[in-house]
Amino acid sequence: MQLKEKLDKQSQIYQVLLKAKSNPSSSLKDKLADIDRLHGEFTVHALSAALNVPRSTIYNHFQHQGVSDYNKNWREMLMKEIQTAYDENHQIFGPIKIREILVSKGIKVSRRLVTELMREMNLFSIRKSAKTIYDRENARHIDRVNMKFDAKEPNKVWVSDFTFYESRRMTFYICIVMDLFSRKILSWSLSRKQSTQLLSRAFLKAIQSRKPESGLIFHSDRGCQYTSRRFGTMCREERVIQSFSPSGNPYHKFCYGILQFLTQAGRALPRPLQV
């Protein structure tokens, strides 16, 4: 726990003792009366520590005040405990394990209610959601080239990438499109921003210049410009099939001419540029 958090908790405990009419040696009835009055202003943790009342006793007290599990105060307390358990366990625990933690603290709560509250709080196991997203993205972003950068005919496989260079404290981005068959740069576009619009300009220049047949494969990395909905729609309209390099492979490039062009592009272009 960080020092700031410790100091905040100690400060809350001190404030509770200042405002409470009872003290740690008072009767449980008097302490519970103070807890009823101060709850909402202070956390259950602070009330428990200041008045020396187990948290499980406090939760049971609120739960048996003649109200159901759906009582507003009860739900608010549960939400705070759920958030604490969720954060302390690196946001990877789901409802089952969160409930186990609450029960171990003496908090009687059903798994159904924990599930409902976590959904209401928009809390999900990162481990589970990350796997779902990873599987979904892999299904969408297929590598149709399979590391074989040796197209047998022109206009069968194109590849694309971005680079940048600086001139007079300004950054310029270049997007290029290359035919894998001839290693020829079909088009390039320049802009102050690395955007989908920059990619679209280079892509459409190549399309207009070569007018490829349906089924052309357009291969790239998984940058946000290439995976954007706008560019995906443009590819479908031009009857172009997208292909993506494997996830987590920054060096899975398209070999030969493309890297050489990108590293030399900045030196080859005039300076300063008017964009």
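Do the alpha carbons of any pairs in K152/K193; K6/K97; K29/K105; K21/K97 sit beyond 30 Å of each other, and which pairs? Cα-Cα > 30 Å for K152/K193; K21/K97; rest within. Potential lengthening of the chain between K6 and K97 amounts to 30.2 nm, from the contour at 0.36 nm per residue minus the alpha-carbon distance. The simple spin-label model puts a point 7 Å past each Cα toward its Cβ; for N52 and N146 those points are separated by 7.4 nm.
Remark: the K19-E238 segment gains 71.7 nm on full extension, using 0.36 nm per residue and subtracting the alpha carbon distance.
Cβ-Cβ distance of T171 and R119, R₀ of 41 Å, FRET efficiency by 1/(1 + (r/R0)^6): the value works out to about 0.40. Once the Cβ-Cβ distance of R222 and Q197 is raised to the sixth power relative to R0 = 25 Å, the FRET efficiency obtained is 0.85.
A short reminder: the numbers here are calculations on the coordinates, not readings from a lab. This is a predicted model, so every value here is computed, not measured. Positions of Cβ are backbone-derived with ideal geometry, glycine not excepted, and every protein chain shown enters the neighbour counts.
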